[in-house]
Amino acid sequence: MKFPPVSVDQLLGLLKAVYSLGGKADAMHVSNAISTGLGGLPLAIDAAEMLGLIRARGGDLELTEAGRAAVSGPLRELQKYLRAKLRDIEPFASLLRLVGELKRVEITRVAELLRSEGYSEEGAQRVLEWAVFAQLVEISEGAWVVLA
């Protein structure tokens, strides 16, 4: 399963909404509490589950211990957690292999790689945003992707 093309903000919004509702809530209540709208909520839930931040069971969402820490702890700790998790999830593993081999990869080539894995232009941009947020890669000189 490939990583859902959800933004970092959408995922964090989901986690904060569940946290504010006591750490466990019905998905419909969460939908009302965040601006993602129902269209983006399933993607955010899928991403949060894939990252081990939330458990979804029969319409209920519950933060895991890691999910609670993501909301209540320092951002740096969340980034460290995500860096460890995303390394092994596609398309991040492929992105890291490519950048590791070539040392510097043009953003356009990264976008091509992500589109070849089924992402839209917007989805490819979101994946790159995740990789930068998790400090897997950095954007150098506005045009190159390098290892962080």
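The values are calculated or read from the model by the stated rules, or taken from the named source; none is laboratory data. Everything numeric here is computed off the predicted structure, so don't read it as measured data. Positions of Cβ are backbone-derived with ideal geometry, glycine not excepted, and every protein chain shown enters the neighbour counts.
One table, with the values for the structure above:
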quantity	calculated
Within segment 69-109, tally of residues that are among the polar types (S, T, N, Q) and touching a residue at least 24 places away in the same chain (Cβ under 8 Å)	2
Failed item in (1) free of Cβ contacts under 8 Å to residues at least 40 places away in the same chain; (2) in the same structural domain as Ser116 (by TED's automatic domain parsing), with Ala66 passing the rest	(2)
Residue in segment 134-148 that is farthest from the chain's Cα centre (by Cα), counting only those that are in a loop (DSSP other than H, G, I, E, B) and surrounded by fewer than 20 Cβ atoms within 10 Å (Cβ to Cβ)	Glu141
Residue list for segment 90-122, restricted to those being crowded, with 20+ Cβ neighbours inside 10 Å and under 15 Å from the mean Cα position of the chain (by Cα)	Pro91, Phe92, Leu95, Leu114, Tyr119
Lone qualifier among Asp9, Asp46 - being in a helix (DSSP H, G or I), acidic (Asp, Glu) and in contact (Cβ under 8 Å) with a residue 24 or more places away in the chain	Asp46
Ala84 vs. criteria crowded, with 16+ Cβ neighbours inside 10 Å and among the small types (Gly, Ala, Ser)	no
Hits in segment 14-32 (condition: buried (at least 16 other Cβ atoms within 10 Å of the Cβ) and among the polar types (S, T, N, Q))	Ser31
Checking Ala131 against (1) surrounded by 20 or more Cβ atoms within 10 Å (Cβ to Cβ); (2) assigned to a strand (DSSP E or B), the condition it does not meet	(2)
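Yes/no matrix, rows are residues, columns are (1) in contact with a Cys (Cβ under 9 Å, 6 or more places away or on another chain); (2) within 30 Å of Leu147 (Cβ to Cβ); (3) not assigned by TED's automatic domain parsing to the domain that holds Arg115:
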| residue | (1), (2), (3) |
| --- | --- |
| Met1 | no, yes, yes |
| Leu15 | no, yes, yes |
| Gly58 | no, no, yes |
| Ser94 | no, yes, no |
| Val99 | no, yes, no |
